[in-house]
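To start, the structure itself, in structure tokens.
The values are calculated or read from the model by the stated rules, or taken from the named source; none is laboratory data. Since we're looking at a predicted model, the values are computed, not measured. We place every Cβ from the backbone using ideal geometry, glycine too, and count neighbours over all the protein chains shown.
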Amino acid sequence: MRIKHTFLLNFLFIVFTAPFIYSQYDTIPKIDSLSAQENSLGKLSDDNIEQYLSKYVQFASVSGHEKEAGEWLKNVCKENGLHITQMGEKDGEYNFTASIYPLLSNLPNIVFLNHIDVVPAGDLSKWEYPPYSGKITDTEIWGRGSWDNKGNAIMQLFSIVEILNRYKGTQLPFNVSFLAVSCEETQCRGGAEYVIANYLDELNPAVVLGEGPPAITGALQTDVDKPIFPISVAHKRALWLKLSLTINTSAHGSVTPLRYANKEMVQALDNLLSKKQKVVYSDLNIKMLKDMGKLEKGLTGFAMRHPKLFRMFITPQLRKQPELFSIFSNTITLTSLESNNDVVNVIPSEATALLDCRLLPGASKEEFIEDIKKRLKNEDIEISVIYSMPKMQSSDDNSIYFKNLKKAIEKTYPDIDVVTISLPNTSDAGVFRAKGILTYTTVPIVLDMSYLDNIHSENERIPRGIMVKGKETYTNFIEECINGDDDSGKKKKFLIFNTKKD
Ligand SMILES: [Zn+2]
């Protein structure tokens, strides 16, 4: 039996780790951006959704340079009747909401989160069409951001405006907001974090939908051509640790002391890292295995549907695939080993090591550090925390919002199954989950695997004809929130907040 999710997880890694890889290209290509004023492509409709994306892509809004693109986008929102709240006005801190009702109404808010910034274009000579051309060919829309995250933002926006027009004159019991933020790619302080720190009460989010994986094929081992729709409800949190060991010895290397810092640090790290990390079966990852198991055929499917029973077969398979293993374990990666010495006959008195640890949603930081201490088997090593993401609960996949999102996806794509997943890393969704806000991430379009290689790389593009379905799914989601069935299957108006009934 072989469980093959490598592709899915590779994709997730590309999306969430590439900005750092790309930091080598920090110069921003000098390509003239459009003026925010030359704006109108006309009333938003299925016929011009791709033109709007093309135009948005034409702004070179590399992280820290979001304002011009943001102003254009905000004007589109304004022209279409949405209510704007500015939440920071300068580059690197340019954020706004565009809502059906003013935020002042203080209604519970369905928030569609997206980011204005993009990663740098990389090697310009490798692009078939210039990265900020927004070139529309017969089959594709080209350019940096066409997928990440401008394509998604345009689908969200078109959906919200459609709902606004459909329910004009009706008082819905909730607000719907488009929230565009800065510098998601660099996780600077001026983006989502700034919004949370200064405008959370005003925003009043009941649920946040953010960027995540599209429908993918190749995740099912026994049915490789069948796509699945992952919705992420959780992510791991980073815990960065520094280990330091000081042992004062005679500084000359001609006589080897019994104890010295480098040797003991290496031995302690060997104690720590040579031991395999435990596989942790949590409610969430068991559910993920079971969900996938329902879609797999034969023995593979049977084993995955009964992960506890088949643990001894499943665990070794998980270990073979680090990407998959990462969502079944707390991980420790040694990323630096230092003794500030490059003289060969001098014994340094201090050795330090940096560990990048990633904890599963339910894991306790204190217990984890305690366990590391024990495994190092060296009382003299001091452990300090450099950075620790706040603990957060995963978002409930039984909530009415999750159900509505699932229904909406299934309505648009009747043949595709939805699975709940957890991600090994995070995006802006993390700052909302840390506040206990239900946050789900997915992008409701079907994308051929080949396109995923170009995200954060050269030749980013998406196929034509898929955006309308993505927009429709978001619209279906909001409609479900307004008019969906209750648990008994009865149509109920304004089910979620239930302030008005038929
Ligand atoms: Zn993104």
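Of note:
- Residues located in region 108-144, provided they are part of a strand (DSSP E or B), within 16 Å of the ligand (Cβ to nearest atom) and not β-branched (Val, Ile, Thr): PHE112, LEU113, ASN114, HIS115
- Among residues of region 158-180, those that are in a helix (DSSP H, G or I) and within 16 Å of the ligand (Cβ to nearest atom), counted: 0
- Any pair with Cβ under 6 angstrom, 6 or more apart, that starts in region 302-325 at a residue that is without any contact (Cβ under 8 Å) to a residue 60 or more places away in the chain and ends at one that is among the aliphatic types (A, V, I, L, M) and surrounded by fewer than 19 Cβ atoms within 10 Å (Cβ to Cβ): PRO307/ILE286; THR315/VAL279
- With respect to the conditions (1) part of a loop (DSSP other than H, G, I, E, B); (2) modelled with pLDDT of 95 or more, LYS406 lacks only one, and its number is (1).
- Scanning region 295-318 for residues that are over 24 Å from VAL224 (Cβ atoms) and assigned to a helix (DSSP H, G or I) yields a total of 2.
- Candidates THR186, THR246, filtered to the one that is within 22 Å of the chain's Cα centre (by Cα) and among the hydroxyl-bearing types (Ser, Thr, Tyr): THR186
- Residue in region 417-427 that is under 15 Å from PHE229 (Cα atoms), at pLDDT below 90, in contact with a helix residue (DSSP H, G or I) (Cβ under 8 Å, 6 or more places away or on another chain) and within 16 Å of the ligand (Cβ to nearest atom) present: yes
- Exactly one residue out of TYR94, TYR56 is crowded, with 18+ Cβ neighbours inside 10 Å, in contact with a Leu (Cβ under 7 Å, 6 or more places away or on another chain) and touching a residue at least 60 places away in the same chain (Cβ under 8 Å): that is TYR56.
- Verdict on SER422 being in a loop (DSSP other than H, G, I, E, B), crowded, with 20+ Cβ neighbours inside 10 Å, small (Gly, Ala, Ser) and touching a Ser or Thr at 6+ places or on another chain (Cβ under 9 Å): no
- Search result, residues across region 341-357 that are more than 15 Å from LEU272 (Cα to Cα) and either touching a Leu at 6+ places or on another chain (Cβ under 6 Å) or buried (at least 21 other Cβ atoms within 10 Å of the Cβ) (or both): ILE347, ALA351
- Per this entry, ASP148 is not counted among residues that are among the acidic types (Asp, Glu) and either outside any loop (DSSP other than H, G, I, E, B) or more than 16 Å from the ligand (Cβ to nearest atom) (or both).
- Listed by position, the strands (runs of 3 or more DSSP E) contained in region 181-247 that have at least 3 residues being within 16 Å of the ligand (Cβ to nearest atom) are 205-210, 228-235.
- All conditions but one from (1) assigned to a helix (DSSP H, G or I); (2) surrounded by fewer than 18 Cβ atoms within 10 Å (Cβ to Cβ); (3) out of contact with any Ser or Thr (no Cβ under 9 Å at 6 or more places or on another chain) apply to MET292; the one that does not is (2).
- Pairing each residue of region 199-224 that is closer than 13 Å to PRO108 by Cβ with any residue that is of a type in the set (Asp, Glu) and within 16 Å of the ligand (Cβ to nearest atom), provided the two are 6+ apart or on different chains, yields no C-beta distance under 8 Å.
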